Structures are given as structure tokens and as C-alpha cells.
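First up is the structure itself, then whatever we jot down about it.
The values are calculated or read from the model by the stated rules, or taken from the named source; none is laboratory data. These figures come from a predicted structure and were not determined experimentally. Cβ placement follows ideal geometry from the backbone for every residue including glycine, while neighbour counts extend to all protein chains displayed. Side chains included, ligands, DNA and RNA excluded: accessible areas come from the protein's heavy atoms. Shrake-Rupley method; radii C 1.70, N 1.55, O 1.52, S 1.80 Å.
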Amino acid sequence: MVGYKNFEIAIYFSTRCLESITTIEEFEKEFSFLEKHLKISKVYLETHRDDMDMSEDLLRSVKQFFENKGIKVAGGITPTLFRSYRNKPLIDETGIRGCGGTVIGKKAALQPKPEKGILTTWSTMCFTDEAVRQKMKEVSEFTASIFDEFILDDFFFTDCTCESCISAKGDRSWEQFRLDLMTEVAENLVIKPAKKINPDCKVIIKYPNWYEAFQETGYNTETQPLMFDGIYTGTETRDTDHSMQHLPRYGSYSLMRWMENIKPGENGGGWIDPGQGIHNLAYYLEQAHLTLFAKGRELMLFCYTWTVDSVFIPPLGFELEKLDNILGEAGEPVGLPVYEPHHAYGEEHLYDYLGTAGLAFEPTPAFPQTDKLILLTANSARDANVLNKMKEHMFRGGDICITSGFLGAMQGKGIEEFTSARLTNGRVYARDYSIGGFGSVFNGEFYGRDEVLLPIVKYMNNSADCLIALRKYDNNFPVLLRNRYASGTLYILTTPDDYADIYKYPCEVITTIRQYLMSSLGVYLEAEGKYGLFLYDNDTVIIESFMYRNSIVRLHAAGAVKLKDMRTGMETEPIQQKGDESVFEIPIQPVFYKMFRLIR
Ligand SMILES: [Zn+2]
């Protein structure tokens, strides 16, 4: 079978998808819709979810169907149960009804039974409950007995606060208890049982899109990626405006990169779904683009019944063909290193908002080893040794940008060594700006369309330069400050209380922020609003518009004499030359990203 050149496409079959199969003949007809539009190279067949366990007969017959087509097959587990399952007898003489109505044996009955005060709906598992632990182990063993590889879907976490878990937690925080617990569960209830049944079985853990809350629910990115054979990344950002998760769209790219840097070479792919995509198909297509811009090896489509015979698939197939034609031209992704340690919290998704506003990032779980500017957010403060690392970097001549959140988190802990800036409890609400020039004089005034609520950062006059200020009557407040330390430059970026207010900055303000922070990358965008900029180590650049309308952006590139559009082959001359810097004007539409090569 001829697949795509630069990535693979996989379809996930949940238990409910598998249950929808009546006969293999009918299924073959239905599945052909996906084959018409996509080059599918792998499927994942789920063995357990909620109250449903698939029968071995059904799994083996569907597996055989795909293997006959030359499509790779792996298993999948969603570790959820009905709450009423807990502490129930393990043997129920009635047996359990598997997919298709076949009685598959005398195993635990998972029929929900109403209990007073407890919702009889699915939930994550209570891993201090012996019956539940036994069930997880059995599911791992069963799955490994059929497949040489399986993946854990989201929900390999626990939010249980039952008496048993409270008792097991003891004096630990919930975070520490669950980080420890889910490491133990991964080893004793998933990996070891699976490998005992099938030593060749490759076990993959998928991490969901909500990385800011991993530690609270026990997703341990520090221990588990070392234990599992591979990892996988949830890149389903969906509709930011109308989702409880409110994930910035750039997250479909940045989380892939962070995960890749956690287990280099072993981040198997990115996982998207069409959730909340029906009123704007662009969101669905963008999730795929961004996952693959991050060099995802595989794109998993969740799930079969959500995608088969749906409006999402024909445009996705069209776009994947177009992307596959040019993606090989992009080298390795590069960007502004941002330090995102394991289990971090504080300014969650801040760099995703900045990324949606046209900055290019490369998040890493370890302090970045680079001579380039590094971004530190309040999340970076999770590392108790971060100030020493910052000092070493700046003594080597490296630059640092800290956010107001990082400044606040480090006050009283030694940040005073680096700057006179202090985060106060005050706020300013305004929409006018000044941008600094030389010395103590601003060289221009600029106006936003809407007010922004900004924390007030104070600093000592002449100990720092205010590069951008928010103006209010006879006063102004720093948005971007700069002072020197050792051989490096320290920037302090004040971030609005609502990070999405970053999108309200006028073109001059957000462009100036990009210009300072991205100077070591040699490329930045001049535009207001929401764009993604993706950079590669071979002078390749992708620009994706997150706007609702057509627009024109300007790309500033050091040392480039022409810009070649990789899709059309057309070359563009700069509209302006400022010293070494060329400025190119680029018309861009929503969804339809453009890929360029900088010609030097
Ligand atoms: Zn519990």
C-alpha cells in the first residue's frame, strides 16, 4: 500500500466503534469511505472502555480484516469504569456480554448498579480499590494477549477522592500521591502484566492535551516516559472559545514539541478529534496541520464512528495530500526555547497564547542548553534551582526573558540579584501604548482597539529601559523592560491577567515584542492579531493564520534576498531592505498556511 511520504495516518476504534460493526461485509463498505479520502496505514482497536469489554473473537476478526489489507493493527485501552464497579465481586456467574452480543466468559460484570449519592456514569479508576486494580491488570493482560502493541487513551489518571484514597494519600499532597500512585500503577498493573503475557508487546502512553493539570491527576511525565516503550500526544485543541478546556490553538504544535523533547524519537504521533469542529471546519484541519508542522510521525484520528461518513474527512484528505507534497522540505523545528519543567504550573499555556500571537517556541522539560534567548514563565519556577541556571546562562552571554509571573514567583527568592523590577499587586486598565527608542524618551504613541488589564511592574528609573509601556493619562507602566546582567540581557515581559488580551495589542506593540525576543532566530512577523510562525533549521518558514479574515503580514528576515513559496514555486522580492533585514509582504487566508524557503 502506498502511504504518505512524511507521516502516517491511523484510525482509533473505541469499544463503541467496534460494537457498531454488524458484519465484516457491511463494515468493509462503510470503511471504504475513509480509504477513498485517506491513506490509512494503521488502526488501533480498543479492548476496554467504561462498561464495555470487547470479545476476543471480534477483536481477532477485525484485526485479521485489517492485516489482510496490509494495515498495521495495535490495541487500545481507555482506563475508565462505572463508579459502581468499585468493590464489586470479581466473578459474576452470568458472564459479561461482549461486543456483538457474544457471551465471552465468566468475568467481572460491569453493569452499573444505582448507588445512593453516586453517579452511575463512567469515571477514571480508583487505584486503591483492589477490584479496580485487578480489572486494570486483567485488561492489560487481555490486550497484550491479542496485540504486539497497545496504547492507553486519555484517562490513565485518577481524580478519586474516596476514603480509601484519602487514607492511602496520608500526609502527601494530592499531586504527590497521584504522581507516585500512577507510576506504580503503570508498572504493576499495565507494563509488567502486559510483558509477562507477551514480552514483545510495545506499550504506549498517550498524554492528553491538558498538560497544565497532568501532575494534579497523576500523569507523571518524569517517570512514565522512561518506563513505557513510547509516548503519544493529544493535540485536540478544538474550539478555544466554546470549550471548557479553552486551549490556545498553538498548543496543537507546542505540546508535540515538548513531548518530543521529553522522549526524543519516541513521540509516536499526535491525536485529534472533530469535537466542536462542525461550525468551523478550519479548527479540525488546523489540528492536523499543527500536529504535522511539529513533525508528528503519525496522526491519529479519533474515532472511527466520529469520522466515517462525515464532512470532516474529504477536506482533511485533500489538505493532507497538499501538505505531504511539501512537508519534506521543512527541516527540524526550531524556536525560542521555553523552559517548561515537569509538573509545572503557574502561567499555564502562556507560551501557547504568545505562540498564537506569532512567536515561535520550542518548549523543553530541561533547562535549555543554548546560547539563544530563553523564555522563563511562572511554570519555570517549579525548578528550585532555576535562578542558578539563569545566572550561568547569562554569565555565558545568553539572554533571558522572564514574565511578570516568573518575577512574582521569584521575589524574595533571589530574583533581586538580576533586576530592580518588582511585581506589585496593582493593576492598570488602558489601551494606549508608547514604544521606547534611545535613552529615556519614547519615540511613538500607539493605540489598541480595546483595553487590556495589566499587572503593574515597578522598576528603578535608569536601572532598566522601558521598551514598551502601557499609557494611562499622566502615567505609564512597563509591558517590556530590559536591563543588562553579566554578559547577557534580561527582558521582563508583563503579561495581562487574561493572556488572550495579548491578541489586543496593536501591531506595533506585538511586533516589537516579537522583534526583541526573536532576534536570535533572525525572523519575525509584523502583524497584529493571531498567526502561527513555525521555523525550521534549514531556512524554511511556515505561516498559519488564526484570523477569521484574509490579511497581509510582513515577514522580516535577516540575510534573505528572496522568499520562495514551496507550494507554488513562486519567488518574492522584498518590499523593503533595512540593513541586513529584508521585509516581505505576504497575503494570507485563514487555514491556508504558506510555506517558504528563505533564499540567501
Ligand atoms: Zn479512591
**Asked** Which angle between 0 and 90 degrees, to the nearest 10, do you get for helix 24-37 versus the longest principal axis of the chain when only C-alpha atoms count?
**Response** 10 degrees
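Check each of the trypsin sites (Lys or Arg not before Pro) in the stretch 321-415 and keep only those in coil by DSSP with at most 14 other C-beta atoms within 10 angstrom; list them in order.
396, 413
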**Message:** If you count only protein heavy atoms and use a 1.4 Å probe, how large is the accessible surface of residue 309, to the nearest 10 Å²?
**Reply:** 130 Å²
**Fill in**
Here, residue 180 and residue 589, labelled 7 Å along Cα→Cβ, have an inter-label distance in nm of 5.7 nm
**Asked** Which FRET efficiency value, to the nearest 0.05, is calculated for residue 445 and residue 35 with the Förster distance at 60 angstrom and r the Cβ-Cβ distance?
**Response** 0.50
**Request:** Kindly report the accessible area of the stretch 539-600 per residue (heavy atoms of protein chains, probe 1.4 Å, no ligands, DNA or RNA), in Å².
**Result:** 48 Å²
**Fill in**
Among 206/322; 263/322; 36/322; 530/564; 391/458; 263/295, the pairs whose Cα-Cα distance exceeds 18 Å are 206/322; 263/322; 530/564; 391/458
**Complete:** Rounded to the nearest 10, the angle in degrees between the Cα long axis of helix 313-327 and the longest principal axis of the Cα atoms of the chain comes to 50 degrees
**Prompt:** To the nearest 10 square angstrom, what accessible area does residue 507 show with a 1.4 Å probe?
**Reply:** 40 Å²
**Asked** Using a 1.4 Å probe, how large is the accessible area of residue 523, given in Å² and rounded to the nearest 10?
**Response** 10 Å²
**Asked** Could you give the dipole magnitude of the chain about its Cα centre, charging the beta-carbon of Lys and Arg +1 and that of Asp and Glu -1, in debye to the nearest 20?
**Response** 500 debye
**Asked** What trypsin sites (Lys or Arg not before Pro) in the stretch 473-519 are in a loop by DSSP, with at most 16 other Cβ atoms within 10 Å of the Cβ?
**Response** none
**Request:** With a Förster radius of 25 Å, plug the Cβ-Cβ distance of residue 475 and residue 515 into 1/(1 + (r/R0)^6) and report the FRET value to the nearest 0.05.
**Result:** 0.50
**Asked** residue 600 versus residue 222, label points 7 Å from Cα toward the beta carbon: distance in nm?
**Response** 4.0 nm
**Request:** Identify, among 276, 568, 436, the residue whose Cα sits farthest towards the positive end of the charge dipole of the chain, taking +1 on the Cβ of Lys and Arg and -1 on the Cβ of Asp and Glu, with the dipole about the Cα centre.
**Result:** 436
**Asked** Quick one: helix 507-517 against the long Cα principal axis of the chain, what's the angle to the nearest 10°, folded into 0 to 90?
**Response** 80 degrees
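Normalising by the residue count of the chain, find the relative contact order in percent from Cα pairs under 8 Å and 6+ residues apart.
9 percent
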**Extent along principal axes [Cα atoms of the stretch 334-520; Å; largest to smallest]** = 42, 32, 31
**Request:** Scan the stretch 454-530 for chymotrypsin sites (Phe, Trp or Tyr not before Pro) in coil per DSSP, keeping those whose Cβ has at most 14 other Cβ atoms within 10 Å, and list them by number.
**Result:** 473
**Request:** With label points built 7 Å along Cα→Cβ from the Cα atoms of residue 24 and residue 580, find their separation and express it in nm.
**Result:** 6.5 nm
**Message:** Once you keep just the Cα pairs under 8 angstrom separated by 6 or more residues, what percentage relative contact order results for the stretch 447-584?
**Reply:** 15 percent
**the stretch 539-600 - percent of accessible surface contributed by carbon and sulfur, probe 1.4 Å** = 52 percent
